[in-house]
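Below you'll find the structure, written out as structure tokens, and then a few comments.
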Amino acid sequence: MYLHSLKLWNWRKFAEKDNNEAGIEVEFKEGLNILVGENDSGKTAIIDAIKMVLGTNSNDINWITEQDFYEGSTLLKIECVFRDMSEEEETFFYEWLTIQSQNSELRIVLEAEIYEDINKQKKIKRNVRAGTEGLEMVMDDSVRHLLAVTYLKPLRDATIEMGSGNRSRIAQIIKNLKEFSEDSLQKKEVVDSFTSAFDELKEVLNDPVLSKIGATIDEFFEGNNKKTPEIRNKEMSFQEILRKLELNIGEKGIGLGSSNLLFMAAELLLLSETEIGPKIALIEEIEAHIHPQAQLRVIKHFEKDVEETNIQYIFTSHSPILAASVSLENITFIYNGQAFPMKKGHTKLHNSDYDFLERFLDATKANLFFARGVIFVEGDAENLLLPAIADVINRPLYKYGVSIINVGSLAFKRYSSIFIRNNEGKKMNFPVSIITDLDLKPIEFFKGEICYFKINSEHNQQIAELYEAQEVSLELEQNIYIQISNLISKSKTLYGKGVEEKYYGQRKKDKFKEISDKIIEIVQPIDSFFEEKKDKERKKVEDKFYHNVERTKVFISQPWTLEHSIASSDLMEDFEDILLETHYSETVNRESVKDKWKSEDTEGERAVSVYSFLLDKKISKAIVAQKYANYLLHNKEAVSKTILEDASLKHLVNAIKHVTGGENSGV
């Protein structure tokens, strides 16, 4: 059996919703479950609720306090539901089961209430019952203890836990193993071995201790009242013997990391022996005191172990390394008071997206699970510039808990869909900004050549006749062609079959060349449809990346790229200087190119020349972005107003505002 779901009403931060609905419902899967989310999202509250209802194998004392009640409420409720029970378990828990057509489930409910006693003192009463809703019955402690979980708290001191003494955890673990059950041979051997060892100790102590004490004792007593000293073995129980033990790995002064690994191994030893009841391990901050490589080994062990032991692991983690190393199927994202499973069927991700993320979700990108908002970018330049721009406009991303995730040029959809749910009734509404570009070269790039044009039916008829085509295809009229070469290529696809069949070799090449030249004549002159092309491409990009679905928004550099947008802005002079300083060491070279840019007829032509220079000279965009980011940070007061008001940079400003609280928010 395994814990299938947990519901909370007025437990800590999870207030009861309308119509008596639970404040949060968390679904768990068999095997490995990892709860991730920012600090104070409620991960610990979920773990504490489970152990409050079920208890722990280490018999921790779990009191409900006033702080456990949602602010202003006096009633709270916790519900745990178990499924997939064996026949033996169904038999054992039969009187509390809810029988369904295909399966049965065990429902455990804890309710607590704050009340005033006769002395006007605030008290808390609680009860735990089990059964079908409305028909719950008290469950005996002898049965409830079979539901107990193994719990490892955060910031645990494993050295103390594994040490000797009255509260020795290793003593409790060994005592409860099958091998040391009542009247077992192994248990008797331990006690006998201890007694035998003590007898040998007495022999060793006889001459140096007992004989000398005896000589003095003889002087203290009368001759007819001789006393003989002896060392006796205090009869110790099996439990007392175990309390003398401590567990280590054979080294003195081992670190907290090694101690924690040893502690986890010991705790799970007892859990693996459970036959009736769930095998649940709750581990908070599993990465505590463990270095990154050890974290990977630990999580890979648990992934393998669930297949062999049927233990259900429920972990909390703040480690991007762990989040990146496990399947999304195992992750539950706690955000905005709700639990969002990331497994297939719950998100807009396709199966191929899950396969992709299995391979490419690294520790840096996994930061998205620990943020309050995310900006997805597709290059190093954006990754370097966005934090600087956010700082300049007084929206520093780190203060808002926002992560920038550089996903490369082809993976936006793979990542952005993580936060969009299939269930319209349970939206995540997680703020996501996607910054991309149309990658359309502006008209100035083509230096007077025909570009961004359409053809009409007359043009189409003339082009079809050039190919000697029998029918005219309307498809040729449905596109906006960026260059004449695009039209020629499309017409060849639609009409060129006859030429391919009629001509061969050089004659075929000559015929296609002749047709191409005449097509150029046919479409000259012609109107530009650049703005319409931009609108179509923008709509296509927005649809592809779920613009305005939940709280995902797409912000686009138009028409070309980020660098072209900056070169088109009122900050172009400083950007040009940094670009030239990056490429040229000699002042004369920088001044020569700068004068050439200044001589361009329009600002649009100048921006094209600047960005083309960056591309043609193969200058590192990342280096330019890093230097430009430093410039912005050192000139915040001078550039802040310009950035906020410049139309070419508006999409960057809006992307930052979207994930940092909206238009009116600010630090």
Any residue at all in the range 117-139 that is touching a residue at least 60 places away in the same chain (Cβ under 8 Å) and out of contact with any Leu (no Cβ under 8 Å at 6 or more places or on another chain)? yes
Working only within the range 632-667, note down all residues that are within 19 Å of Thr561 (Cβ to Cβ) and either aliphatic (A, V, I, L, M) or in a helix (DSSP H, G or I) (or both). Leu632, Ile643, Ala647, Ser648, Leu649, Lys650, His651, Leu652, Val653, Asn654, Ala655, Ile656
Breaking point among (1) surrounded by fewer than 17 Cβ atoms within 10 Å (Cβ to Cβ); (2) among the β-branched types (Val, Ile, Thr); (3) in contact with a strand residue (DSSP E or B) (Cβ under 7 Å, 6 or more places away or on another chain), for Thr561: (1)
Evaluation of Ile463 against (1) under 21 Å from Val659 (Cβ atoms); (2) outside the structural domain of Ala655 (by TED's automatic domain parsing) (one fails), failing number: (1)
Check the range 385-403 and report whether any residue there is assigned to a helix (DSSP H, G or I) and of a type in the set (S, T, N, Q). no
Would you tally the residues in the range 384-404 being buried (at least 21 other Cβ atoms within 10 Å of the Cβ) and touching a Lys or Arg at 6+ places or on another chain (Cβ under 6 Å)? 1
Hits in the range 317-349 - residues which are of a type in the set (Ser, Thr, Tyr), part of a loop (DSSP other than H, G, I, E, B) and crowded, with 22+ Cβ neighbours inside 10 Å: Ser317, Ser319
Which of the following residues is among the charged types (D, E, K, R) and over 19 Å from the mean Cα position of the chain (by Cα): Asp305, Asp355, Asp362? Asp305
Can you tell which of Lys533, Lys539 is under 30 Å from Glu458 (Cα atoms), surrounded by fewer than 22 Cβ atoms within 10 Å (Cβ to Cβ), among the basic types (Lys, Arg) and in contact with a strand residue (DSSP E or B) (Cβ under 7 Å, 6 or more places away or on another chain)? Lys533
Listing of strands (runs of 3 or more DSSP E) fully contained in the range 12-111 that carry 1 or more residues being farther than 24 Å from Phe315 by Cβ: 75-83, 97-99
Every residue in the range 58-100 that is over 23 Å from Ile276 (Cβ atoms) and exposed (fewer than 11 other Cβ atoms within 10 Å of the Cβ), please. Ile61, Trp63, Thr65, Glu66, Gln67, Glu71, Gly72
Kindly indicate whether any position in the range 409-426 is in contact (Cβ under 8 Å) with a residue 40 or more places away in the chain, of a type in the set (A, V, I, L, M, F, W, C), buried (at least 21 other Cβ atoms within 10 Å of the Cβ) and not assigned by TED's automatic domain parsing to the domain that holds Glu600. no
Neighbours by Cβ (under 8 Å, 6+ apart or cross-chain): first from the range 582-606, under 18 Å from Glu444 (Cβ atoms); second in a loop (DSSP other than H, G, I, E, B) and polar (S, T, N, Q): Glu603/Ser568; Gly604/Ser568
Name, by its number, the condition in (1) within 30 Å of Ser485 (Cβ to Cβ); (2) surrounded by fewer than 18 Cβ atoms within 10 Å (Cβ to Cβ); (3) not β-branched (Val, Ile, Thr) that does not hold for Gly379. (2)
Quick one: what pairs do we get from the range 539-561, first residue at positive phi, second among the aliphatic types (A, V, I, L, M) and modelled with pLDDT under 95, C-beta under 6 Å, 6+ apart or different chains? Tyr546/Ile420; Glu550/Ile420
Restricted to the range 485-527, and to residues that are of a type outside the set (D, E, K, R) and part of a loop (DSSP other than H, G, I, E, B), which residue is surrounded by the fewest Cβ atoms within 10 Å (Cβ to Cβ)? Pro525
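The values are calculated or read from the model by the stated rules, or taken from the named source; none is laboratory data. These figures come from a predicted structure and were not determined experimentally. Note that we place each Cβ from the backbone using ideal geometry, even for glycine, and neighbour counts take in every protein chain shown.
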